[in-house]
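Student: Take a look at the following structure, please.
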Amino acid sequence: MPTSLTDLTIDRVETFAVALPTRRSFGVSGGAVAVAGRPSLRVLVKVSADGMHGWGEATPIPAWTYETAESIVTTIDRYLAPAIIGRPAWNLDAVDAAFDRAINRGFTIGAPLAKSAVDVALHDLLGRAAGVPVGVLWGQRRTEEIELGWIVSGQSPGEAGDSVAEGRGLGYRAFKVKIGLHDEETDIAVVAAVREHAPRAPLWVDANQGYTVPAALRMARRMEELGVTAFEQPLPANDIAGLRRLRDASPIPVALDESLRHPSDLATFVRLEAVDVAIAKVQRSGGLTLSRRLCALAEDSGVQLMGSGLTDSDLGLAASLHLFAAYGIDTPVDLNGRQFIESPYAGPTVRIENGVAQVPDGPGLGVEVDETVVRELAVDVLDARA
């Protein structure tokens, strides 16, 4: 066994596409994310080094971004893994550079979901090897719990009230509404229905790039009257000019998610004075290493941070909690995995009570993975007959 973290050398990277049970249907403006009665695919990654191992997760959502389960598996197996085998596990900066040489960044970042899964697994491995949570590795943990928001997605105005009641019944006190799924009048009616059933709750909306500048401005003016606190990604990710125009005219803060694939993207929006709020999202930004850079830049630039996930199962949930706790994000966050999917591979794991998640205290991510269950859930996404 290695005597210290500096002795750990990456010797194996394994991918497992797993079919997880789906609890509820979930949609964004681009299409379906989860469908009730149909398994939800996630790609789990195990990185091993000198007898130690760690786990990470990728969430393929073609309706949200370009990576599929198939592309994530082949990218890791055929490009990322060979690029880091034999490298020191502790040198996350060198791993990030090796990833960019193997799969180049393109306009901002290349294959962020695949890269994130391996990066998170390395963090888990290092924490387990040291016997401490990820936040202790960083020397940064400002809070012990994170409040979650309940997601209202795809419902008609009549159904939105039932969804809010369900969330409130489980103890949730904040709500996020997915818009851009209907016409403007229906979208507003859904938001108004949520506000009617949660009159004093924190409430924000996410359009997932679904609007034009004129439509987004019309929506912002009407949502101000409903007490909406943030308008997340109303325009296409690369519409920098439009986002600056909207930021200048919108009566509610504009939050950027899909626009911030890499820390350099945030630097561009900061220089152009085109961002009010930056969304921290581990998978979108290629893992914890780059996400920490993005969060630090936002903090140093005076840009407010909010948190979000990608309908992760428990591994991704834990990774996000460690990140958000490190930067003390004190507004409710969208970590909605538990609302829509199950994580049967997880033994001792993240504890959520009354809409509040406790930041894990166990080593690494603080999620115990039952590899036997992972292998039972695994499917061959590359087999055309499957």
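The values are calculated or read from the model by the stated rules, or taken from the named source; none is laboratory data. Computed from a predicted structure; not experimentally measured. Cβ atoms come from the backbone with ideal geometry, glycine included; neighbour counts cover every protein chain shown. The area values use the complete protein model at the heavy-atom level, side chains included, leaving out ligands, DNA and RNA. Shrake-Rupley method; radii C 1.70, N 1.55, O 1.52, S 1.80 Å.
Student: With contacts defined as alpha carbon pairs under 8 Å and 6 or more residues apart, what's the relative contact order of the chain in percent?
Tutor: Values: 896 pairs, mean separation 79.5, N = 386.
Rounded, it is 21 percent for the chain.
Student: Say each of Asn354 and Ser25 gets a label point 7 Å from the Cα, pointing the same way as Cα to Cβ; how far apart are those two points in nm?
Tutor: 3.4
Student: Follow-up. Where the centre of each part is set by its Cα atoms, how far does the range 364-383 sit from the range 156-179, in angstrom?
Tutor: Rounded to whole Å, the Cα centres lie 31 Å apart.
Student: With every protein chain present, what accessible area does Asp7 have (1.4 Å probe, heavy atoms only), rounded to the nearest 10 Å²?
Tutor: About 70 Å², rounded to the nearest 10.
Student: Continuing with this model, one more query. Relative contact order for the range 11-141: what percent, with Cα pairs under 8 Å and sequence separation of 6 or more?
Tutor: Averaging sequence separation for qualifying contacts and normalising by length gives 26 percent for the range 11-141.
Student: Ranking request for peptides 318-324, 192-198: highest mean number of other beta-carbon atoms within 10 Å first, then the rest in descending order. Don't jump to the answer; show the numbers that get you there.
Tutor: Numbers: 318-324: 29.7, 192-198: 20.0.
So the order, starting with the most tightly packed, is 318-324, 192-198.
Student: Label-point separation (nm) for Thr6 and Thr74, each offset 7 Å from Cα along Cα-to-Cβ?
Tutor: Reported label-point gap for Thr6 and Thr74 is 4.1 nm.
Student: Please report, as a whole percent, how much of the solvent-accessible surface of the chain comes from carbon and sulfur atoms (probe radius 1.4 Å).
Tutor: It is 49 percent, rounded to a whole number.
Student: On to the next question. 7 Å from Cα along Cα→Cβ at both Ala63 and Glu166: what's the point-to-point distance in nm?
Tutor: It works out to 1.5 nm between the two label points.
Student: May I pose another question? Please say if the range 68-191 is rounded, prolate or oblate, where rounded means a/c under 1.5 for a ≥ b ≥ c the square roots of the C-alpha gyration tensor eigenvalues, and otherwise the choice is prolate for a/b larger than b/c and oblate otherwise?
Tutor: oblate
Student: On each of the three principal axes of the Cα atoms of the range 71-122, give max minus min coordinate, whole Å, ordered largest first.
Tutor: Extents along the principal axes: 28, 20, 17 Å.
Student: Which ³J(HN,Hα) values, rounded to whole Hz and listed in residue order, are derived for the range 249-263 from phi using the Karplus coefficients 6.51, -1.76 and 1.60 in 6.51 cos²θ - 1.76 cosθ + 1.60 with θ = phi - 60°, glycine and proline given as x?
Tutor: Calculated HN-Hα couplings, in order: 9, 6, x, 10, x, 9, 10, 9, 10, 4, 6, 10, 6, 9, x Hz.
Student: Take peptides 374-380, 203-209, 162-168 and line them up by average Cβ neighbours within 10 Å, highest first, as a rough protection proxy.
Tutor: By packing density, highest mean first, the sequence is 203-209, 162-168, 374-380.
Student: Just to verify a number: FRET efficiency for Arg141 and Glu273, C-beta to C-beta distance, R0 = 41 Å, to 0.05?
Tutor: E(calc), rounded to 0.05, equals 0.80.
Student: Report the FRET efficiency, 1/(1 + (r/R0)^6), for Val132 and Phe107, where r is their Cβ-Cβ distance and R0 is 51 Å, rounded to 0.05.
Tutor: The value I calculate is 0.85.
Student: Based solely on its DSSP helices, what 222 nm [θ] is calculated for the chain when runs of n ≥ 4 H residues each add -39,500 (n - 2.57) and the sum is averaged over all residues, nearest 500 deg cm²/dmol?
Tutor: Helix-only estimate at 222 nm: -11000 deg cm²/dmol.
Student: Taking every pair of alpha-carbon atoms in the range 152-267, what share in percent sits in each 5 Å bin, from 0 to the bin with the longest distance?
Tutor: Taking all Cα pairs of the range 152-267, the binned fractions are 2, 12, 24, 23, 17, 11, 7, 3, 0 percent.
Student: Next up: What is the dipole size for the chain, taken about its Cα centre, with +1 at each Lys and Arg Cβ and -1 at each Asp and Glu Cβ, in debye to the nearest 20?
Tutor: 380
Student: Tell me, what is the per residue accessible area of the chain in Å², probe radius 1.4 Å?
Tutor: In whole numbers, the chain has 38 Å² accessible per residue.
Student: While we're looking at this one, here's another question. Normalising by the residue count of the range 218-266, find the relative contact order in percent from Cα pairs under 8 Å and 6+ residues apart.
Tutor: Relative contact order here is 43 percent.
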